[in-house]
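No lab work stands behind these numbers, since they all come straight from the coordinates. Just so we're clear, the structure is a prediction, and the values are computed from it rather than from any experiment. Backbone-built Cβ (ideal geometry, glycine too); neighbour counts: all protein chains shown.
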């Protein structure tokens, strides 16, 4: 959504807005690091689009907060909600700054490269092979978090990114998955995606 | 360090400064969430102190970058380093904003409370019992990340916080540990700390 579009007020619960802002902002940091780590311009552009979404949510939330405050005590207490929202906004700005290094082709200085190599221990990007046993399975039924401490944070399918995929999203051949986890867990997950490991451990 | 203290230039490699800023800023987000989640004023104050440290690192880094740029190409490439540093600075500011909700006793609005309850799935705070099998073991030898996808991000011992403890730091009875991980891993870890689970699984 371009920033100059007029934003119409529509009622959305404060709780939902705040939770989405918080979750999105944290996810964006990992996505921005992935974009820089793998020099992925499309993912970087998606991070910039998400930043616009967080800005919109922030605006809607401020309106809801104003409408919700009925007396000074409530206003004081709602100030804390506003603080958490503004913190999420700052985090999403920071993610956008990092993504912009990739979209603006500023170039990854060797020092920045080294920093992101350390990030590689907790983020991976892998293409799902046609012989992978994960094919056709949903993210939810795989229980990746419980099994190997891994979380799929984004899927690139054809030309589209699915950010923070839902439990019922099924893995397809050719999907590019971005996952977060411990280095041991990510190694196992990568082998499963590439079809090198043929069994899901319990 | 109070903000009005004169900062003297001392040479520190850009790589080290940037890596510390990045790691510290991410850790601070989790610490700030923990402080809000457990309404922990002392931890919140430590987050505010860490924000001062990140500001200092940021200042030293900008000086190093200026001194390192010898020609326009190098300056252009170093601009990316500066961007990552400023992103880390924004993240640390966001963490300080959240910590300030606790130190300023703004009060946790029910909505903010709910948000942080969701954070509880990946952060825990636990006191080490005298009968825990973890006593006297170092963080490194426990291999918590590989075993159960858990990472100890802070230890409160007596009145002091040890932030991002080193591998050789030994666990003592009465330590309060703040750990990050998957909810299954954290559950196992909590039982180990409380002495309810008597064996480390491989």
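I need the inter-copy label distances for residue A:140: point set 7 Å along Cα to C-beta, values in nm with one decimal, smallest first. Copy-to-copy label distances at residue A:140, shortest first: 4.4 nm. Which FRET efficiency value, to the nearest 0.05, do you get for residue A:104 and residue A:56 by plugging their Cβ-Cβ distance into 1/(1 + (r/R0)^6) with R0 = 22 Å? Approximately 0.45, to the nearest 0.05.
Distances between copies at residue A:117, taken between label points 7 Å from Cα along the C-beta direction, are 4.5 nm in increasing order.
Quick one: pull the percentage of alpha-carbon pairs in the protein assembly as shown with a separation above 41 Å. Here the tail beyond 41 Å accounts for 15 percent of pairs. Look at A:106, A:178, B:133 and count the other Cβ atoms within 10 Å of each Cβ; fewest to most, that gives B:133, A:106, A:178. With a cut-off of 11 Å on the backbone N, the residues of the range B:159-202 near the modelled label site 7 Å out from residue B:143 along Cα-Cβ are B:201-202. Distances from residue A:71 to itself in the other copies, using label points 7 Å out along the Cα-Cβ axis, amount to 7.1 nm in increasing order. Ordering B:67, B:56, B:186 by the number of other Cβ atoms within 10 Å of each residue's own Cβ, fewest first, gives B:67, B:56, B:186.
Of interest is the spacing of the C-alpha centroids, which for the range B:142-193 and the range A:6-80 amounts to 31 Å. Axis of helix B:72-103 versus longest Cα principal axis of chain B: the two differ by about 40°, to the nearest ten degrees. Approximating the spin labels as points 7 Å out from Cα along Cα→Cβ, the residue B:183-to-residue B:10 distance works out to 4.6 nm. The chain B residue nearest the rotation axis shared with chain A, using its Cβ and rounding the distance to whole Å, is B:149, 2. Note on residue A:117/residue B:157: beta-carbon distance plugged into 1/(1 + (r/R0)^6) with R0 of 45 Å gives a FRET efficiency of 0.85.
Counts of other chain beta carbons within 10 angstrom of each beta carbon in peptide A:113-123 average 2.
Listing B:139, A:162 from fewest to most neighbouring C-beta atoms within 10 Å gives A:162, B:139. Evaluate the Debye formula for chain A with equal point scatterers sitting on the alpha carbons, no solvent, and hand back log10 of I(q)/I(0) at q = 0.08, 0.10, 0.11, 0.16 Å⁻¹, in q order, two decimals. Those come out to -0.33, -0.50, -0.60, -1.05, one per q. For the range A:14-103, the alpha-carbon radius of gyration amounts to 1.22 times the rule-of-thumb value 2.2 N^0.38 Å expected for a compact globular protein.
Between residue B:42 and residue A:173, the C-beta separation translates, for a Förster distance of 35 Å, into a calculated FRET efficiency of about 0.10. Note on the range B:7-67: the C-alpha convex hull projects to 4.1 nm² when averaged across all orientations.
Helix content alone sets the calculated 222 nm mean residue ellipticity of chain B: runs of n ≥ 4 DSSP H residues at -39500 (n - 2.57) each, divided across all residues, give -19000 deg cm²/dmol. For the residues of A:103-111, the average number of beta carbons from a partner chain within 10 Å of their own beta carbon is 6. Counting every pair of alpha carbons in the range A:120-194, the share spaced more than 17 Å apart comes to 34 percent. Residue by residue along A:175-182, Cβ atoms of other protein chains within 10 Å of the local Cβ number 2 on average.
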